[in-house]
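The values are calculated or read from the model by the stated rules, or taken from the named source; none is laboratory data. As the structure is a computational prediction, the values presented were derived from the model and not from experiment. Don't worry about glycine lacking a Cβ; one is built from the backbone with ideal geometry, like all the others, and counts go over all protein chains shown. Note: accessible area is taken over every heavy atom of the protein model, side chains too, but ligands, DNA and RNA are not part of it. Shrake-Rupley method; radii C 1.70, N 1.55, O 1.52, S 1.80 Å.
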Amino acid sequence: MLTRSTPNLCSARYLQIDSWFYKKGHKNGTRTWAPEKNIFPNGFANLYAKTGLPIGYHNRYWDNDTTYARYNGGKYNFISDSTTGCAVPDDQVESHKDMPYVHALVATFSTGPVGPGDGIGYVNSSLLMKCCNSDGLILRASRPLTIMDKSLKQAAFVGGNPTGLGEALYSTIANISGHIFGTILATEVNGSYNLEPIDLTPDYPGECEDVTTFIYNSFTGKFRAWSSSLPFTVDATTCGTELCVFYSTSLIRVDTENTHVGLLGEMNAKFSPVSPQRFFAIRTSGTGEFEVKVRMSAGENIDVWFLALLKGSSFTLFLECDNSHSTKPTLVGLKVSQGDDHFGRWNKTTFSYLAGTLSVQTSVKVYMESSLPVAVFSQTFSSAAHKTKGKVRDDIISSFPSVRFPSNDSASLGYLAYGDFMAGWIGLSIGRWTKSEANFTTGIKGGPLVLFDKSSNALVISPLSNFMAASNKKFGDKHVSWGIMGLVDDVPADYNIDFIIYFSNKGVNEAMRGWGSYLTTLYGKTDRARERDLSLTHLGYWTDNGEVDLLSE
């Protein structure tokens with residue numbers, strides 16, 4: 001039997017420095033990543049020398065007199081906005097706290113950084129250590145926690161808005177050697193949801209004689225069998241009105257005698273009890289053996305729990321320590337073409353327009369393979385456009401594509417829209433896609449838009465290139481359009497901007513993942529850097545300006 005010992009001290013592996021500590025510009029934005037003398041009189045280099053910890057610099061926004069901008073003698077490209085006095089970088093540069101348990105748990109499942117900012121000596125170590133191993137390695141799931149499709153449909157078609165931590169169901173999975181271990185978070189549940197294993201992921205292993213799923217309700221402390229024919233209900237009775245967590249495990253048949261074993265992992269000890277960072281392989285022999293490979297730090301002791309329907313089996317544990325708007329455009333040409341790129345073969349229809357002397361083309365490109373449900377909408381300015389500026393910042397000076405609202409309010413589509421700060425979470429909006437009900441953030445603060453129905457069909461619409469110039473606008477109760485943002489007054493010749501619509505028939509979350517995969521593949525990005533980013537893999541210590549303790553309750 002393995003035993004667990006919780007370290008008395010949790011070791012942060014990096015420091016995060018907040019914007020309050022830096023020198024400010026004339027609009028109170030960050031001017032340079034250097035500390036005020038009254039805070040760190042000897043600078044950040046001295047802080048590094050004293051602690052030995054890597055330092056990550058964070059700030060909300062840049063002042064347009066930042067010393068890093070080329071126009072101020074710096075080394076990097078910045079776009080300056082004279083109206084707000086702010087600036088945004090145009091180069092690749094390396095770079096509510098009253099619910100301690102909930103915030104620590106959600107941070108862990110975000111797959112983003114985890115770092116408390118409590119005063120030294122006030123950290124609740126036992127709570128914090130639920131996120132990581134003794135070396136500060138964050139024990140994550142295989143993908144970030146997201147709102148479940150059933151919760152989105154409930155909000156869009158029945159009522160409610162699962163933003164913040166209002167009524168909503170969130171889920172994530174850990175995939176270890178093809179075996180799925182699920183986590184479901186339910187918050188402030190007043191409605192009723194019948195959940196099946198496939199609600200965790202459309203690719204959930206089919207029910208067969210070799211796999212049986214059990215689910216554990218942390219609110220009641222009980223296990224029960226779980227399948228499409230035996231769903232479980234989440235409501236105020238089974239979950240309470242605040243927060244509860246459900247964990248699922250697959251019981252795998254390990255022999256011909258109907259013996260089943262399931263991995264529960266570090267139940268009650270970690271937020272993610274079965275994490276790929278801890279358990280990296282599972283193997284069965286078919287002759288009674290059940291093998292789990294575990295990664296541990298030197299000197300670390302843990303409890304590993306199993307759920308078993310036993311009839312003479314054994315298991316082995318291996319440890320590894322180691323947008324011209326004044327002239328109406330006239331259609332003057334249409335062309336159909338075919339081609340291919342590294343994604344596959346495509347068909348493209350190009351429309352040519354004249355607006356006075358301005359020549360503009362729009363096009364729609366779709367791929368021939370059904371496995372690539374993508375449409376790319378492009379705008380190309382063959383000649384330069386001048387004096388294009390709209391009346392306000394959130395106008396657009398070009399429009400393609402556009403999505404109309406239904407003619408009546410009995411439509412069966414829902415929407416999910418991101419907007420504003422915190423990667424669009426502050427302006428997150430969910431509801432029915434009707435002209436009277438759709439209310440979401442557009443303009444330069446707008447984000448990706450998802451349209452979906454009750455049958456799990458979903459579309460994701462967003463910019464695909466020149467992201468910093470892209471915007472969208474809602475035209476009353478008629479339609480929403482995408483184009484170049486409203487205060488652009490000059491568009492150079494041969495300028496191109498693209499937008500994407502991605503489709504999935506497996507629900508909102510799968511549509512978002514497919515959309516994200518297309519973008520990252522297009523731009524040659526992978527997840528490998530995430531696995532090497534210390535601020536994502538390990539616990540850190542974060543600074544802020546006088547915030548209350550997060551984990552000290």
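Worth pointing out:
- In the full protein context, the range 5-84 carries 61 Å² of accessible surface per residue, based on a 1.4 Å probe and ignoring ligands, DNA and RNA.
- Carbon + sulfur, % of accessible area of the chain - ligands and nucleic acids excluded, 1.4 Å: 52 percent
- Antiparallel bridge percentage (DSSP; both residues within the range 14-104; nearest 5): 65 percent
- Accessible area expressed per residue, the range 337-412, with surrounding protein chains retained (probe 1.4 Å, Å²): 52 Å²
- DSSP bridge orientation in the chain - percent antiparallel, rounded to nearest 5: 90 percent
- Cross-link pairs beyond the 24 Å C-alpha cut-off, checked among 391/478; 75/391; 445/474: 75/391
- Probe 1.4 Å, all protein chains present, accessible-area order of 86, 131, largest first: 86, 131
- Rounded to the nearest Hz, the phi-derived 3J(HN,Hα) couplings of the range 514-526 under the Karplus curve 6.51 cos²θ - 1.76 cosθ + 1.60 (θ = phi - 60°) are x, 4, x, 5, 4, 5, 5, 5, 4, 9, x, 9, 9, where x marks glycine and proline.
- Computed about its Cα centre, the charge dipole of the chain is approximately 1300 debye, with only Lys, Arg, Asp and Glu carrying charge at their Cβ.
- Considering helices alone, the calculated mean residue ellipticity of the chain at 222 nm is -2500 deg cm²/dmol, with DSSP H runs of length four and up weighted by -39500 (n - 2.57) and normalised per residue.
- Placing 489, 63 in order of accessible area, with the largest value first and a 1.4 Å probe, yields 489, 63.
- Using C-alpha pairs under 8 Å with a sequence gap of at least 6, the mean separation divided by the residue count of the range 382-465 gives a relative contact order of 26 percent.
- Long-range HN-HN contacts of residue 188 with modeled amide H, under 5 Å: 242, 243
- The residues of the range 432-508 expose, per residue, 40 Å² of accessible area to a 1.4 Å probe.
- Computing FRET efficiency as 1/(1 + (r/R0)^6) for residue 34 and residue 342, where r is the C-beta to C-beta distance and R0 is 51 Å, gives about 0.75.
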